[in-house]
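Chemist: Dumping the structure here so I can ask a few things about it.
Here, each number is a calculation from the coordinates, and none is a lab measurement. Just so you know, these numbers come straight off a predicted model, no measurement behind them. Quick reminder, even Gly has a Cβ in these numbers, built from the backbone with ideal geometry, and neighbours come from all protein chains shown.
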Amino acid sequence: MTQSLFIVLLALPLSGYLFWGITVLPRERWQIFAAVPVRKMIDGRWNGINLTWYGILTANAYGVAAALLLVLLGTVRVPIVGTAAMAAILLVLCVPASHLVARVVEKKAHTFTVGGAVFVGVIAAPWIVLLVNRAFGQATGFTIPFSAALAALAIAYAFGEGLGRLACISFGCCYGRPLVGSPSWVWRLFAGRCFTFFGKTRKIAYAGGLEGEKVLPVQALTAVIYVGCGLAAIVLYLNSRFAAAFIMTMAVTQSWRFISEFLRADYRGTGKVSAYQVMGIAAIIYGGGAILLAPAAAVAAPDICAGLIPFWNPAPLIFLQFLWIAIFLYIGRSSVTGATLSFHIHSDRI
């Protein structure tokens with residue numbers, strides 16, 4: 001009963017959050033959150049830095065993913081220090097990788113890729129679990145269960161990327177192909193459910209020339225599929241089916257990555273099959289092999305109450321707040337848009 005209540009209480013607010021994002025964020029005003037003046041020009045105006053909804057929504061996604069990781073590993077009695085250490089190492093690798101991989105594949109200096117970061121994370125995750133167990137486990141007396149850790153990481157990723165696609169809607173990146181020229185069945189299916197973006201500073205406008213065009217809602221589809229997959233995987237996880245939860249999550253998310261690339265119109269590198277599609281298939285094979293070949297070990301039956309109890313302590317809340325601020329400051333300052341600001345007095349209010 002407690003586990004079912006947890007799933008319901010998780011699914012309801014996330015469904016509302018996705019509905020809000022999918023219906024509201026395509027509007028032009030939802031790209032720039034604030035502009036901060038940084039340097040005064042000769043004419044009295046100011047150059048400014050734009051703080052974006054992309055940064056806020058991405059930080060939200062990372063926060064939810066990290067919180068779920070803490071809860072899920074807490075259900076199998078992994079101490080917060082172990083989970084935090086594992087998450088911190090993974091983030092130190094994956095957050096910069098989201099920029100570096102995009103630079104290598106797309107030859108662009110000011111963009112990010114979730115696909116590249118995920119591939120790096122999947123490759124590194126098994127070794128990070130082993131590293132944390134060796135570095136911290138022997139000193140503190142705990143061991144992170146290998147299969148449960150990989151399953152929890154995969155589930156957290158599914159929620160993180162699913163919710164993170166709302167940031168893509170806000171920025172107008174990762175956009176779908178235009179409905180014009182699509183087969184008739186695509187028109188019938190998406191004519192009333194497509195995205196139409198406005199705003200010259202959005203990527204779909206300046207990079208794709210598709211401002212005002214009806215395009216496939218790839219970001220929305222990804223968000224719904226990934227979050228739905230994550231919820232289903234939590235059910236498996238809480239029933240001690242860790243390998244099944246991991247394999248299902250990786251198979252669904254990375255298979256959809258492969259399929260969805262064919263529905264996208266943004267530049268993904270050269271070739272009919274992109275490097276990100278290859279990474280997705282490789283991640284399924286590598287991750288599946290890692291969890292299936294791992295030695296069997298006894299794992300405590302998951303208890304959702306045990307996973308939630310640590311949040312009465314301020315330490316995990318401070319960790320999540322610090323993570324949110326760090327992600328926002330790293331990603332939320334726009335490097336591809338600028339602002340010119342001027343200030344004046346309302347004379348009638350003096």
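Chemist: With an 8 Å Cα cut-off and a minimum separation of 6 or more residues, compute the relative contact order for the chain in percent. Show your work: numbers first, answer last.
Modeler: Numbers: 529 pairs, mean separation 100.1, N = 350.
29 percent.
Chemist: Turning to a different aspect of this structure: If amide hydrogens are placed 1.01 Å from N in the peptide plane, which non-local residues have theirs closer than 5 Å to the one on Ile32?
Modeler: Under 5 Å from the amide H of Ile32 lie the amide H atoms of Trp53, each far enough along the sequence or on another chain.
Chemist: Kindly write out, for segment 118-123 in residue order, the coupling ³J(HN,Hα) from the Karplus curve 6.51 cos²θ - 1.76 cosθ + 1.60 (θ = phi - 60°), rounded to whole Hz, with x marking Gly and Pro.
Modeler: Taking θ as phi minus 60°, the curve returns 5, 4, 4, x, 5, 5 Hz for segment 118-123.
Chemist: Can you show me the helix-derived [θ] at 222 nm for the chain, built from DSSP H runs with n ≥ 4 at -39,500 (n - 2.57) apiece and divided by the number of residues, rounded to the nearest 500. Don't jump to the answer; show the numbers that get you there.
Modeler: Working: 12 runs with 211 residues, N = 350.
Helix-only estimate at 222 nm: -20500 deg cm²/dmol.
Chemist: With θ taken as phi - 60° and the coefficients 6.51, -1.76 and 1.60, list the Karplus ³J(HN,Hα) couplings across segment 328-334 in order, rounded to whole Hz; mark glycine and proline as x.
Modeler: Whole-Hz 3J(HN,Hα) from phi for segment 328-334: 4, 5, 6, 9, x, 8, 5.
Chemist: Let me ask another. Given H placed on each backbone N at 1.01 Å, which residues far from Gly176 in sequence or on other chains put an amide H within less than 5 Å of it?
Modeler: Under 5 Å from the amide H of Gly176 lie the amide H atoms of Leu216, Val218, Gln219, Ala265, each far enough along the sequence or on another chain.
Chemist: For segment 31-37, in order, what is each residue's ³J(HN,Hα) by Karplus, 6.51 cos²θ - 1.76 cosθ + 1.60 with θ = phi - 60°, in whole Hz (x at glycine and Pro)?
Modeler: 9, 9, 8, 7, 10, 10, x
Chemist: Still on this model: If the chain were replaced by its equivalent ellipsoid, with semi-axes equal to the square roots of 5 times the Cα gyration tensor eigenvalues, what would those be, largest first, whole Å? Write out the running numbers ahead of the final one.
Modeler: On the way: eigenvalues 258, 127, 75 Å².
Ellipsoid half-lengths, sorted descending, are 36, 25, 19 Å.
Chemist: Quick check on packing: order 303-313, 210-220, 273-283, 69-79 by the mean number of other C-beta atoms within 10 Å, highest mean leading.
Modeler: Values: 303-313: 14.6, 210-220: 21.3, 273-283: 19.2, 69-79: 23.3.
Averaged packing, sorted descending, gives the order 69-79, 210-220, 273-283, 303-313.
Chemist: Gaussian network model of the chain, Cα springs within a sub-10 Å range: biggest mean-square fluctuation belongs to which of Phe328, Phe195, Phe142?
Modeler: Of Phe328, Phe195, Phe142, the most mobile in the Gaussian network model is Phe142.
Chemist: For a protection proxy built on the mean count of beta-carbon atoms within 10 angstrom, sort 170-176, 126-132, 2-8 highest first, please.
Modeler: Numbers: 170-176: 25.7, 126-132: 18.7, 2-8: 13.0.
Ranking the peptides 170-176, 126-132, 2-8 by packing returns 170-176, 126-132, 2-8.
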